[in-house]
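For reference, the structure is listed below as structure tokens.
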Amino acid sequence: MKWRLQMEVAETSGRTVEDAVERALEQLGRRKDQVDVEVIRKGSKGFLGLGGEEAIVRVTAKRSGSNRNRRPTRRGRQTNRRNGNTRSEQGSSNRGNRNSEINPNNKRQRKDRRQSNREENAREIIPVTKSDEIKIPGAPTENIPVSSKAEWDDDIDLFGSTLRDLLNLLGFADTHITVRDPETAGDGLGRVNQVFDIFSEGESDPDNLAMLIGRKGETLQQLQYLTNVLVSRKVEGNSVYAIDIDGYRHRREASLTTMAKEIAEEVRTTGDVITLEPMPAALRRIVHLALEGEAGVTTQSIGKGRERQIEVMPE
């Protein structure tokens, strides 16, 4: 028996706390009375819409004695009770009947209506003039580096200085960077050489760093990729470096590990095969490693590309 289970913990962002909670509820497939909400950061509008911060919340599904609330409907074909046909067969039959009655004039009329709707709904986009441009707070206007440093002590020095330049250009000059060895799967243990941690400094608000993390860590991942590409153009070898911001990767790893352990317990109890939502490779690796030593369960990845998922099944 195969079921589809959504993540029991979701960390989401939004323009407001309410928006972030709604996104989390959609991911978890829950109602608001079925979850606990932790506000990690309240959002702010910024100055004239620039430099604003999104709200971030961590939403955890409440534990329930009944598994009914934890599982959506079982996947599979649904039978049409009237004639015994499946919905897909019924749909094919209906499409076949419609296609046999298509009139070329009708297709032309629909095309004309679509074109008319596009013209009616079109909006004129007015560019911002130079005098109305608003600089991102902290962004430099002078002495902007055109490339990474010409001389460096080693690869770590080059990566750190390149990351420093990028942060300055993005308006995050009030930050400091430390470097350490990777410690866990969330750091990329066994896959990266060093981890560069970014923290706020001085009077800067640490919540500003959430803009560098982005939704589901996407901005952080892009910053890491860009910095590695810039460094790889100047050095030989296959060194790869990771970036973490204010402990985000460790928090994400802890959340995924907790979810994985709960799913493993349910698989042992019910004997069901549970399929998780699609995840990037780095997050799937955390789940695989978290359940590697769990008795009575095993995991495997299925699917392709962005739709690749993890199945947790009885051993």
message = Show me the GluC sites (Glu not before Pro) within the range 218-291 that DSSP assigns to loop and that have at most 10 other Cβ atoms within 10 Å of their Cβ.
response = Glu236
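Rank these for me by crowding, Asp181, Asp174, Asp197, going from fewest to most other beta carbons within 10 Å.
Details: Asp181 10, Asp174 15, Asp197 19.
Taking fewest neighbouring Cβ atoms as first place, the list is Asp181, Asp174, Asp197.
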remark   = Listed with the fewest Cβ neighbours within 10 Å leading, Glu8, Glu315 appear as Glu315, Glu8
query = ³J(HN,Hα) across the range 171-179 via Karplus (A = 6.51, B = -1.76, C = 1.60, θ = phi - 60°), whole Hz, x for Gly/Pro?
reply = x, 10, 5, 7, 9, 10, 10, 10, 10
5 angstrom amide H check on Val297, placed H, neighbours 5+ away = Glu315
message = My understanding is that a pair violates if its Cα-Cα distance is over 28 Å; which of Lys32/Lys304; Lys42/Lys62; Lys32/Lys261; Lys234/Lys304; Lys42/Lys261 do that in this structure?
response = Lys32/Lys304; Lys234/Lys304; Lys42/Lys261
message = Can you classify the range 197-315 as rounded, prolate or oblate using the Cα gyration tensor, where a ≥ b ≥ c are the square roots of its eigenvalues, rounded means a/c under 1.5, and otherwise it's prolate if a/b beats b/c and oblate if not?
response = prolate
remark   = On the formula 1/(1 + (r/R0)^6), with r taken between the Cβ atoms of Thr298 and Val229 and R0 of 41 Å, the FRET efficiency rounded to 0.05 is 0.70
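Coordinate-derived values only; no laboratory data. These numbers come from a predicted model, not from an experiment. Cβ: placed from backbone, ideal geometry, glycine included. Neighbour counts: every protein chain shown.
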